[in-house]
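The values are calculated or read from the model by the stated rules, or taken from the named source; none is laboratory data. What you are looking at is a predicted structure, and each value in this text was computed from that prediction instead of being measured. Because the Cβ atoms are built from the backbone with ideal geometry, glycine has one as well, and the counts that use them run over all protein chains shown. Heavy atoms of the whole protein, side chains included, go into the accessibility calculation; ligands, DNA and RNA do not. Shrake-Rupley method; radii C 1.70, N 1.55, O 1.52, S 1.80 Å.
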Amino acid sequence: MNESVDLEKQAITAQPPVPSLDRMRELARRLGDPQRRFPVIHLTGTNGKTSTARITASLLGAAGLRVGLYTSPHLERVNERLVLDGQPADDEAFARCVGAAVDAAAPMAERPTFFELLTAAAFDWFAERAVDVAVVEVGLLGRWDATNIADGRVAVVTSVGADHLDYAGSLDGVAREKAGIVKPGTRLVLGDVAARFDPVFARTPAADVVRLGAQFAFDNGRPDPAGAGRRGDPRTPLARYDDVLLALHGTYQQTNAACALTAVEAFVGHRLPADVVEAGLATVRAPGRLEIVGTDPPRVLDGAHNPAAAAALARSLAEEFPGQRWNVVYGALRGHDFEATLAELDPDRVAAVLCCEPASPRAIPAQELVAAAGRLGLRPALALADVATAVRHALEQAAPATAILVTGSFYHLTEARRVLTSTC
């Protein structure tokens with residue numbers, strides 16, 4: 001992730017830009033407006049949007065469509081953000097499309113950001129490869145996000161929560177920013193969105209709105225007896241599917257799957273065959289989302305970086321690993337409420353909190369995390385030199401009743417996975 005860290009440093013030292021899509025629109029025009037050459041399913045949400053995007057793409061692929069997928073952030077290589085039919089862009093394709101975006105930006109008076117260049121490159125690649133549909137995840141909030149130059153035929157809002165308040169100002173502001181991706185005629189799918197925000201989404205120009213619980217859900221969700229993920233009976237406005245395997249762990253993934261299935265049916269305009277649903281849900285992968293990378297003891301990676309995500313993680317761990325105690329490797333970035341996030345951990349289930357600093361210029365010093373953990377009764381809490389050291393310490397202290405959980409930020413999951421999998 002070195003290239004991302006370097007570019008992030010540049011972004012932090014630069015003057016924050018005035019919210020505008022003008023620069024992104026100009027860049028796209030110079031590339032021939034590739035985002036207009038394929039239909040889009042557009043996703044945003046405080047939590048769940050990447051997993052929902054991945055499930056959506058898996059279902060569309062199982063239905064026989066050629067699918068582009070654009071997500072962020074990446075875990076190991078930036079190529080992971082651009083995916084075609086389940087495969088990340090190879091180095092040649094990635095370099096060619098990013099190079100074309102850079103060349104198009106050269107005459108511009110205002111230099112595009114790293115994310116804008118990647119978004120333009122993704123749109124250009126999807127157009128070049130003539131995808132049947134692109135599943136596009138918002139990078140930040142929605143209204144002013146670079147991806148919002150595309151007009152989604154279907155828009156998905158997975159959740160509205162307290163994150164990026166430095167940009168949006170309030171929860172109502174977060175909802176308004178996310179509602180900004182809805183264009184005239186868009187079909188809107190609302191996931192775990194509180195009823196208090198209904199007026200915000202009622203004011204959008206959506207053709208119709210469907211809501212989790214009222215029109216769709218993942219009923220009777222439960223852990224798969226063989227440990228392969230979750231099982232349940234997803235229902236949509238068009239159909240019900242019985243005893244389907246979702247190859248992801250975590251109760252929250254049930255909501256994501258229900259949103260994805262509903263979005264796909266809204267896109268294609270009819271119910272999906274049962275075998276397509278079964279294939280799409282059984283083959284999906286979501287790295288870094290309650291990802292089990294080892295057993296004896298369990299080794300789990302989850303990028304729960306805000307309080308709502310941490311609460312969902314805690315519920316899932318209690319259900320799927322009842323009675324398990326955890327050595328928690330934790331790191332966090334500025335801009336997120338790390339103390340409220342840590343507060344979602346159950347002190348009775350935490351054997352130790354091993355604090356480290358992710359590879360980001362926004363990393364919070366480990367000693368600050370230790371102090372917060374202590375205030376919350378999460379003890380012992382230790383500051384370790386780096387991610388690898390923290391993970392090795394967790395492994396040394398592990399026992400049959402003490403497992404390992406790496407959480408708090410996606411930025412340290414890659415290094416943690418490397419150490420954890422090399423010792424399995």
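What the table below lists for this structure:
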| read-out | value |
| --- | --- |
| Antiparallel DSSP beta bridges within the chain, as percent of all bridges there, nearest 5 | 30 |
| Relative contact order, percent, the chain [alpha-carbon distance under 8 Å, six or more residues apart] | 15 |
| Whole-Å semi-axes of the ellipsoid equivalent to segment 310-361 (Cα gyration tensor, √5λ, descending) | 22, 12, 9 |
| Normalised per residue, the volume of the convex hull around the Cα set of segment 287-417 (Å³) | 85 |
| Convex hull volume of segment 185-233 per residue (C-alpha atoms, cubic angstrom) | 90 |
| Cubic angstrom per residue, convex hull over Cα atoms of segment 49-89 | 54 |
| Over segment 345-424 - Rg/Rh using Cα atoms and the Kirkwood inverse-distance radius | 0.94 |
| Relative packing of peptides 53-59, 370-376 - highest average C-beta neighbours within 10 Å first | 53-59, 370-376 |
| Phi to ³J(HN,Hα) by Karplus 6.51 cos²θ - 1.76 cosθ + 1.60 over segment 249-254, Hz, x for Gly, Pro | 9, x, 4, 5, 5, 5 |
| Solvent-accessible area per residue, Å², over segment 35-151 with all protein chains present [probe radius 1.4 Å] | 35 |
| Extreme residue, positive dipole direction of the chain, given options TRP326, ALA398, VAL193 (C-beta unit charges) | VAL193 |
| Whole-number accessible area per residue in Å² for segment 168-273, which is evaluated in the context of all protein chains at 1.4 Å | 39 |
| Environment charge of VAL133, counting only residues whose C-beta is closer than 10 Å and scoring Lys/Arg +1, Asp/Glu -1 | +1 |
| Viscosity 1.306 mPa s, 10 °C: Kirkwood-radius Stokes-Einstein D of the chain over Cα pairs, µm²/s | 73 |
| Coarse-grained scattering of segment 152-239 at q = 0.24 Å⁻¹, given as base-10 log I(q)/I(0) from a Debye sum over alpha-carbon atoms | -1.13 |
| Expected-Rg normalisation [2.2 N^0.38 Å, Cα atoms] applied to segment 45-178 | 1.07 |
| Average silhouette area of segment 206-342, convex hull of alpha-carbon atoms, in square nanometres | 10.0 |
| Percentage, to the nearest whole number, of Cα pairs in segment 115-192 over 14 Å apart | 64 |
| Portion, in percent, of the accessible area of the chain that falls on carbon or sulfur, probe 1.4 Å | 51 |
| Segment 291-339, accessible area per residue, ligands and nucleic acids excluded (1.4 Å, Å²) | 35 |
| Sum of -39500 (n - 2.57) over DSSP H runs of 4+, divided by residues of the chain (222 nm, nearest 500) | -11000 deg cm²/dmol |
